[in-house]
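Only the coordinates and a few stated rules stand behind these numbers; no lab work does. None of the values given here were measured: they were computed from a predicted structure. Please note: Cβ atoms are built from the backbone with ideal geometry, for glycine as well, and neighbour counts cover all protein chains shown.
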Amino acid sequence: MSLAGPRLDRPSAIGDEGRARAASLWIASLIVVAIVAVVGFEIGEPSLLPTLGLIVGLTVAGIGLLERDGFVSLVVAHTFLLTFGTAFALLVLAAPFVTRVGIAASGCALALAGIAAAWADIGGDGLGSAAGGSVISYASMLCSAVLGTFLAAVGYFGWRVLTGIIGFSTPIASAAGFLLIVAGTAGVVRLSLRWLPIRQLTPRDRRPAVERRLAVVRRRLLYAVVGSIGALVGIGALALAGLHTVLTSVPLLAGALASLSSPLLVWPIVAVGAVSLLAGAVAFLLRRTTRDVTARTTRRTAAVVVGVVLSLPFLLGLVLLVTGAGITLGPVLIGMALVIALVLGPLAFLVLVGTGALSVELGLLPARATGPAVAATGLVVTAIGMGRANPLIVFACIAGAVLVWDSATFGLGLTAELGHLPETRRIELFHGAVAVGVAIGAVALVTGLEVLRAGLFAGGGAAGGAAVVALGALLLLLPLRG
C-alpha cells in the first residue's frame, strides 16, 4: 500500500493494474478538491473541504492499513474505521435527511473518498476486509458492554454484601459472613491457580516439586471451601433449632465470633481473592490470544481489542443517559450522542463498505477503477444536490465527474500496458491539458447558453436550466469519450 503520490510510479513492473499513474491521479485529485471547495463556499460552508478531507483521509488510511500485518498497525486501522469511518458513513447516509444541502455534502464526501481510495489502491478486497473487521469490532464492543454491565452489577452486589457483613454486630451473623467470605475467596484462588502459568515459569528440574506443592494447596483450598460451607450449614441448623444461644452465652466466644466481621480481617481476605482473580483472568486472556499467532488471528485480535476499548465510552454514554436525567440536559445529550454514534455508526459504515464490496463483486463497480468510479459518482451526486443552485455549478460537477473518470481511466490504461516503471508524465499531462481544455470550452459554451436563456427565454425556469446542463454534458462527452 502507498499513500503518497511519487511512490506510485515505482512499486512494480507491468501487470500492477490497480493504480493509475501519478500524474493522472494528481489531475483528478485537483479537480475533485477544486469542486468540493467551490461547493463548500456556494452552500455557505467554507470549512467543508478541510473537514471532509480529515474525516475521509483517516477513513481511507484505516482501510489501507488493514493490508499491514503488524498488530499496532491493525489496531490503529480498526480505531480509524470505528471512529472516523463511522463519522464518514453517517455523513454520507444521514446528511441528505438532515439538511437541505446534505446531498451535496454527501456527494463531496464520496468524491473525496473515491480519489483517496485511488491513491491508496483500495478495491473490492480492501472494502471486504474493512467490512469483516467492522463486524468483529462491533460484535466485540456489544459483547464487552453486556459483560461489563454484568460485572458491574456483580461488583455492586458484592460490595453491598461485604459492607453488610462488616456492619454485622451479632456473633452468629459475623461468623456466617466470615465463613461466606472464606469460601468464596478459597474458591476463587483455587480457580486462579488453574489459569496462572506457575508450572510454565518454573525451571524444569523443579517442576515436579512445584506440581506437588500446587496439588497440596489446591486440596487445602478445597477443604477450606467445603469446611466453610459445612460450618455455614451447621450455624444455620443451630439457628433454626434455637440452639445458637449456646454459642453466645460464653462472653469470650461471643466476642471472638463478633470480631470476625472486622474490616481488618475481612478486607485482606477479599484483597487476596480479588488479586488472584485478576491475575488469573489476565493470564487466561493472554494464553488464549497468543496460542495461535497467525496473520488471521492477529487481525481478529486487533479488531476485538478495539471493540473492547470502544465499549468503555459506550457504557459511559449509557450511564449518562440513565443517570443524567435528574441533573441537567447536558449529560443526557452527551450520553445519547455517544450511544447513537457507537450503535448506529458502525452499522452505517458496514452498510456503506459492504455495499461497495458487493458492487465490485457483482460488477456494478469496475474492479480496476473502483476509486475513480466512486469519485465520479460522488460528483454526480453533488450535482444532484446542487440542483437548485446556479446551473453552472451543477454543470461544473458533471464536467468534473467526466474529467475525473477520463483522467483516471487513461492513467489506468497506461499502467495496464506499461506498468509503473516507464516515464509517462508528459503524455499524461498532454492528455489532461486537452481534457481540461475541452471542459473549459464546454463550460464557456454553457455559460453563453445560460446567459442567452436568461435573457431571451427567462420564462423557462428550472426546466430551461436543466436543458442547458444536459446540452452542456452532451457537448462535453462527445469530444472526451467519443
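Summary of values
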{"quantity": "Packing-based order for 367-379, 346-358, using average beta carbon neighbours within 10 Å, highest first", "calculated": "367-379, 346-358"}
{"quantity": "For peptides 94-107, 24-37, 189-202, sequence by mean Cβ density within 10 Å, most packed first", "calculated": "24-37, 94-107, 189-202"}
{"quantity": "Packing rank of 143-151, 206-214, 49-57, where each peptide gets the mean count of other beta carbons within 10 Å, highest leading", "calculated": "49-57, 143-151, 206-214"}
{"quantity": "Phi to ³J(HN,Hα) by Karplus 6.51 cos²θ - 1.76 cosθ + 1.60 over the stretch 370-377, Hz, x for Gly, Pro", "calculated": "5, x, x, 5, 5, 5, 5, 4"}
{"quantity": "For the stretch 26-40, 3J(HN,Hα) per residue [Karplus equation, 6.51 cos²θ - 1.76 cosθ + 1.60, θ = phi - 60°, Hz, x = Gly/Pro]", "calculated": "5, 4, 4, 5, 4, 5, 4, 4, 5, 5, 5, 5, 5, 5, x"}
{"quantity": "The stretch 72-157: C-alpha gyration tensor shape, a/c 1.5 cut-off, then a/b vs b/c", "calculated": "oblate"}
{"quantity": "Rounded, prolate or oblate (a/c below 1.5 giving rounded, otherwise prolate when a/b exceeds b/c) for the stretch 91-137 by Cα gyration tensor", "calculated": "oblate"}
{"quantity": "LEU365 long-range amide H proximity, modeled H, under 5 Å", "calculated": "VAL360"}
{"quantity": "Principal axis dimensions, the stretch 350-445 - Cα atoms, whole angstrom, descending", "calculated": "46, 39, 16"}
{"quantity": "From phi via Karplus (6.51, -1.76, 1.60), per-residue ³J(HN,Hα) for the stretch 341-349 in Hz, x at Gly/Pro", "calculated": "5, 7, 8, 8, x, x, 5, 5, 5"}
{"quantity": "Net charge contributed by nearby residues that have their C-beta within less than 14 Å of SER276 (K/R +1, D/E -1)", "calculated": "+3"}
{"quantity": "Point-to-point label distance, SER259-LEU193, nm (Cα→Cβ direction, 7 Å offset)", "calculated": "2.9"}
